[in-house]
Amino acid sequence: MAPIPGSGLAKGLAVTLRTMTRKSVTEQYPDALPELPPRTRGVIGLFEENCTVCMLCARECPDWCIYIDSHKETVPPAAPGGRERSRNVLDRFAIDFSLCMYCGICIEVCPFDALFWSPEFEYAETDIRDLTHERDKLREWMWTVPAPPALDPGAEEPKEIAAARKTAEKLAAAQRQPGEGTS
């Protein structure tokens with residue numbers, strides 16, 4: 001069946017008329033801050049204590065906007081007679097947000113949970129050079145990272161928590177019955 005000539009034009013005009021009759025809504029930013037979705041990608045925060053300088057984030061970044069410098073440091077042996085170990089120490093961690101395309105690959109590939117999304121989006125600068133945030137600034141963004149969503153009530157308890165709970169219950173039972181062995 002062939003379409004009726006002009007039916008596309010009529011549909012387009014109907015959409016236009018419907019849109020013209022609606023009241024427009026303008027957000028008065030910055031007086032009224034927008035309500036952002038919970039998983040908004042604003043700026044990246046660094047939890048420096050978890051960073052092991054593995055360089056995965058910098059290697060996987062398609063824009064090469066992550067700069068990491070480190071040095072090796074010798075750690076004394078943990079026990080007498082042990083051998084010395086070396087570990088990487090973070091000297092510089094910077095992200096150039098003028099290059100970043102906010103893809104989130106760096107956050108996904110970080111095996112140590114050192115990078116997080118913050119919903120903050122108000123970090124505009126008048127000079128483009130100020131959009132390179134060093135580790136001190138990235139650490140400040142961590143305060144704005146929302147807590148992770150609650151676990152699904154119907155979900156299985158994580159293995160780590162279940163094991164810790166069972167161990168705690170065994171210790172509590174042993175303390176209540178001091179003369180008897182553990183079950």
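The values are calculated or read from the model by the stated rules, or taken from the named source; none is laboratory data. Nothing here was measured: the structure is a model prediction, and the numbers come from that model. All Cβ positions, glycine included, derive from the backbone under ideal geometry; neighbour counts span all protein chains shown. Keep in mind that these areas ignore ligands, DNA and RNA; they rest on the heavy atoms of the full protein, side chains included. Shrake-Rupley method; radii C 1.70, N 1.55, O 1.52, S 1.80 Å.
Just to make sure I understand: if all protein chains stay in place, what is the order of Met55, Met20, Met142, Met101 by accessible area at 1.4 Å, largest first?
Working: Met55 65, Met20 140, Met142 40, Met101 105 Å².
So the residues, ranked largest to smallest area, are Met20, Met101, Met55, Met142.
So which chymotrypsin sites (Phe, Trp or Tyr not before Pro) in the stretch 50-128 pass both tests, a DSSP loop state and at most 14 other Cβ atoms within 10 Å of the Cβ?
On the way: sites: Trp64, Tyr67, Phe93, Phe97, Tyr102, Phe112, Phe116, Trp117, Phe121, Tyr123; in loops: Trp64, Phe97, Tyr102, Phe112, Phe121, Tyr123.
Of the chymotrypsin sites (Phe, Trp or Tyr not before Pro), the ones in loops of the stretch 50-128 whose Cβ has at most 14 other Cβ atoms within 10 Å are Trp64, Tyr102, Phe112, Phe121, Tyr123.
Can you list the lysines whose alpha carbon is less than 28 Å from that of Lys23, not counting same-chain residues fewer than 8 positions off?
By straight Cα distance, Lys23 reaches Lys11.
Between Ala172 and Cys103, what is the spin-label point distance in nm, taking each point 7 Å from the Cα along the Cα→C-beta axis?
4.8
Restricting attention to the stretch 13-77, which GluC sites (Glu not before Pro) occupy a DSSP loop and are surrounded by at most 14 other Cβ atoms within 10 Å? Display every interim value, and only then the final one.
Working: sites: Glu27, Glu35, Glu48, Glu49, Glu60, Glu73; in loops: Glu27, Glu35.
Those satisfying the criteria are Glu27, Glu35.
For Lys137, give me every one of the lysines with a C-alpha distance below 16 angstrom, ignoring sequence neighbours fewer than eight places off in its own chain.
none
Could you give the accessible area per residue of the chain, probe 1.4 Å, as a whole number in Å²? Walk me through the numbers on the way to the answer.
On the way: 14230 Å² over 183 residues.
Using a 1.4 Å probe on heavy atoms only, each residue of the chain averages 78 Å².
Given the C-alpha atoms of the stretch 13-104, compute the convex hull and give its volume per residue in Å³. Working shown, then result.
On the way: hull volume 18.2 nm³, N = 92.
Considering the Cα atoms of the stretch 13-104, their hull volume per residue is 198 Å³.
Among Leu33, Pro77, Gly8, which residue has its Cα positioned farthest towards the positive end of the charge dipole of the chain, with +1 placed on the Cβ of Lys and Arg, -1 on the Cβ of Asp and Glu, and the dipole taken about the Cα centre?
Selected residue: Gly8.
Counting every Cα pair in the chain, what percent are over 28 Å apart?
Details: 9577 of 16653 pairs.
In whole percent, the long-distance tail amounts to 58.
In the stretch 65-173, which trypsin sites (Lys or Arg not before Pro) fall in coil by DSSP and have 14 or fewer other Cβ atoms within 10 Å?
Values: sites: Lys72, Arg83, Arg85, Arg87, Arg92, Arg129, Arg135, Lys137, Arg139, Lys159, Arg165, Lys166, Lys170; in loops: Arg83.
Counting only loop positions with at most 14 other Cβ atoms within 10 Å, the trypsin sites (Lys or Arg not before Pro) in the stretch 65-173 are Arg83.
How much length, in nm to one decimal, is gained on full extension between Leu131 and Trp143, taken as 0.36 nm per residue of separation minus their Cα-Cα distance? Walk me through the numbers before you get to the answer.
On the way: separation 12, 0.36 × 12 = 4.32 nm, distance 1.89 nm.
The Leu131-Trp143 span can extend by a further 2.4 nm.
How many percent of all Cα-Cα pairs in the stretch 112-183 sit more than 18 Å apart?
Working: 1689 of 2556 pairs.
For the stretch 112-183, the share of Cα pairs beyond 18 Å comes to 66 percent.
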